[in-house]
Every structure is written in structure tokens, then in C-alpha cells.
């Protein structure tokens with residue numbers, strides 16, 4: 001998949017394009033509250049592949065059209081023949097999530113309305129999250145007799161702890177944006193009218209940063225819960241020494257000593 005010159009709002013389930021150094025990935029099934037069907041999952045995977053293949057991307061902005069970020073999976077698509085539909089949905093979504101997790105560029109989600117099921121897992125897989133006031137978050141998997149997908153069970157206990165993750169998953173009770181902020185599920189909560197502006201400011205700031213260093217930071221922090229101290233110290237040394245050989249490191253050190261703002265190029 002390549003970026004279209006103009007996003008086809010009428011036909012695409014997932015819009016994907018780049019503005020400067022920022023890749024935009026926007027879910028576009030507003031009539032279905034962006035519930036995931038096979039087409040959306042397939043297009044999401046393709047969009048993530050396009051972003052991963054683009055060396056000019058230095059930040060990714062994930063958002064959604066309509067009244068909700070994502071209302072989980074499209075159950076109507078699974079009703080008649082659940083197994084093959086579920087397999088196709090999971091293949092597309094998990095393939096895309098793996099690609100996003102491997103990016104050096106920071107990934108920022110901008111969420112509103114409802115964030116449920118796989119939408120919550122997708123949000124948890126992003127590096128930073130800005131939420132609109134009034135957003136509701138929940139895992140409804142037990143209500144349909146299912147366990148979770150889209151990396152939800154990986155991200156949730158890492159952010160809120162095992163006991164709270166079990167409560168959220170087993171009881172399937174919704175929480176509001178203020179509680180999501182308190183638990184660390186999101187980074188910022190802003191008025192709904194300011195969501196796009198606040199997210200854009202954050203994304204543009206990250207896009208101007210040292211992309212290779214961001215990539216090392218992301219990998220180190222995500223691996224920290226699995227690594228022992230000795231192993232992690234080695235990983236930190238490897239990452240820092242790799243950064244020390246970049247143009248951005250030379251620029252950052254010079255700017256700091258010269259008392260000026262650094263101009264990073266992502267290399």
C-alpha cells in the first residue's frame with residue numbers, strides 16, 4: 001500500500017497518508033462506530049506496513065472518524081460464521097499492531113467517544129494517548145463469551161497492575177476518562193473541542209525530535225519488565241552507544257552546550 005494523494009474518505013475503512021514527517025492513520029467506519037470488520041483489519045495491516053516502509057515518518061497519529069474511536073469488533077460479521085471471520089480479524093489487527101510496536105517513530109492515539117474491546121487494545125499499544133473528556137473505556141469480552149485480543153492482555157497489566165487488570169477484564173465495567181487518566185491508561189484528557197489541536201501539538205513536537213533515540217527508548221522501556229538487571233544494563237549500553245554515533249546526538253550535545261534549541265533530523 002502506498003499513500004494516496006488525497007485520502008478516499010468515501011470508500012476506505014482506514015485512511016492513511018503522510019503530512020511532512022507525520023503519518024496519519026484514521027479509522028473510517030463512522031456509521032458502525034469504527035467496529036472492526038475484516039476489511040478494516042486488512043486495511044489497518046496494509047496501512048501499518050506502508051508506514052513502516054516509509055523512512056520519512058518520524059511520528060504517527062492514530063485517530064478515528066465519527067462519534068467513537070472504536071467500538072470493538074463487528075459482531076454482526078461474526079454471527080453466522082464466527083471462526084473464519086475471527087481468524088481474519090485477528091490476523092489483520094495483530095499484524096498491524098506488531099508493525100506499529102516495532103516503529104522507531106512514536107505513535108500517538110487520539111481517542112474519543114467509546115474505546116472498547118480491540119479498540120482498547122490498540123490504544124494500549126500506542127506510545128502516548130490523548131483522550132477527550134467524556135470518553136468511555138471498557139472490555140466487553142466476557143459479555144460475548146470471549147477472551148481478549150489486540151494485545152489487550154499484554155498492555156493492560158503493565159499499565160494498571162495485575163489485580164486492576166483482572167477487575168477491568170472480568171467485570172467488563174466501563175470507566176470514564178478521568179479514571180483512565182488516574183490509572184495511567186491515557187496521558188492527557190482534554191476538552192473534546194480541543195482534542196485534535198492538542199494531539200497535533202504533541203505529534204508535531206515528537207516529529208521534530210531525535211527519532212532513532214526515541215526508537216531505542218521505546219524498546220528499552222518495553223523490554224524492562226522481562227529483562228534482568230544485567231541484561232538490561234547491556235541493552236542500555238548498546239542503545240546509548242548506537243545513539244552516540246548519530247548526527248542527532250552530535251546536534252543535541254552541541255545545542256545543549258551552546259544553549260540553543262537543537263534541530264534534529266531523525267538520523
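The values are calculated or read from the model by the stated rules, or taken from the named source; none is laboratory data. Owing to the predicted nature of the structure, the values given are computational and were not obtained by experimental measurement. Positions of Cβ are backbone-derived with ideal geometry, glycine not excepted, and every protein chain shown enters the neighbour counts.
Look through 75, 33, 56 and report the one residue that is closer than 30 Å to residue 178 by Cβ, in the same structural domain as residue 138 (by TED's automatic domain parsing) and surrounded by fewer than 18 Cβ atoms within 10 Å (Cβ to Cβ).
75
Name the residue, out of 143, 120, 128, that is farther than 21 Å from residue 66 by Cβ and either modelled with pLDDT of 95 or more or surrounded by 23 or more Cβ atoms within 10 Å (Cβ to Cβ) (or both).
Being farther than 21 Å from residue 66 by Cβ and either modelled with pLDDT of 95 or more or surrounded by 23 or more Cβ atoms within 10 Å (Cβ to Cβ) (or both) holds for just one of 143, 120, 128, which is 128.
Have a look at 179, 238, 200 and point out the one that is more than 25 Å from the chain's Cα centre (by Cα) and either at pLDDT 95 or above or in the same structural domain as residue 123 (by TED's automatic domain parsing) (or both).
So the residue among 179, 238, 200 that is more than 25 Å from the chain's Cα centre (by Cα) and either at pLDDT 95 or above or in the same structural domain as residue 123 (by TED's automatic domain parsing) (or both) is 238.
On the basis of being crowded, with 17+ Cβ neighbours inside 10 Å and more than 19 Å from residue 117 (Cβ to Cβ), does residue 64 make the cut?
no
Given the conditions (1) in a helix (DSSP H, G or I); (2) crowded, with 24+ Cβ neighbours inside 10 Å, which single one is not true for residue 115?
Checking residue 115 against (1) in a helix (DSSP H, G or I); (2) crowded, with 24+ Cβ neighbours inside 10 Å, the one that fails is (1).
Is the range 186-208 home to any residue that is surrounded by fewer than 18 Cβ atoms within 10 Å (Cβ to Cβ), free of Cβ contacts under 8 Å to residues at least 40 places away in the same chain and under 20 Å from residue 122 (Cβ atoms)?
No: zero hits.
Need pairs with beta-carbon distance below 6 Å; first residue in contact (Cβ under 8 Å) with a residue 12 or more places away in the chain and within the range 233-253, second outside any helix (DSSP H, G or I); sequence gap 6+ or separate chains.
247/267; 248/210; 248/264; 251/262; 252/262
Got a number for residues in the range 139-168 being in a helix (DSSP H, G or I) and within 12 Å of residue 116 (Cβ to Cβ)?
Qualifying residue count for the region: 5.
Got a sec? Which of 68, 23, 47 is in contact (Cβ under 8 Å) with a residue 24 or more places away in the chain, touching a helix residue (DSSP H, G or I) at 6+ places or on another chain (Cβ under 9 Å) and assigned to a strand (DSSP E or B)?
Sole residue among the options that is in contact (Cβ under 8 Å) with a residue 24 or more places away in the chain, touching a helix residue (DSSP H, G or I) at 6+ places or on another chain (Cβ under 9 Å) and assigned to a strand (DSSP E or B): 23.
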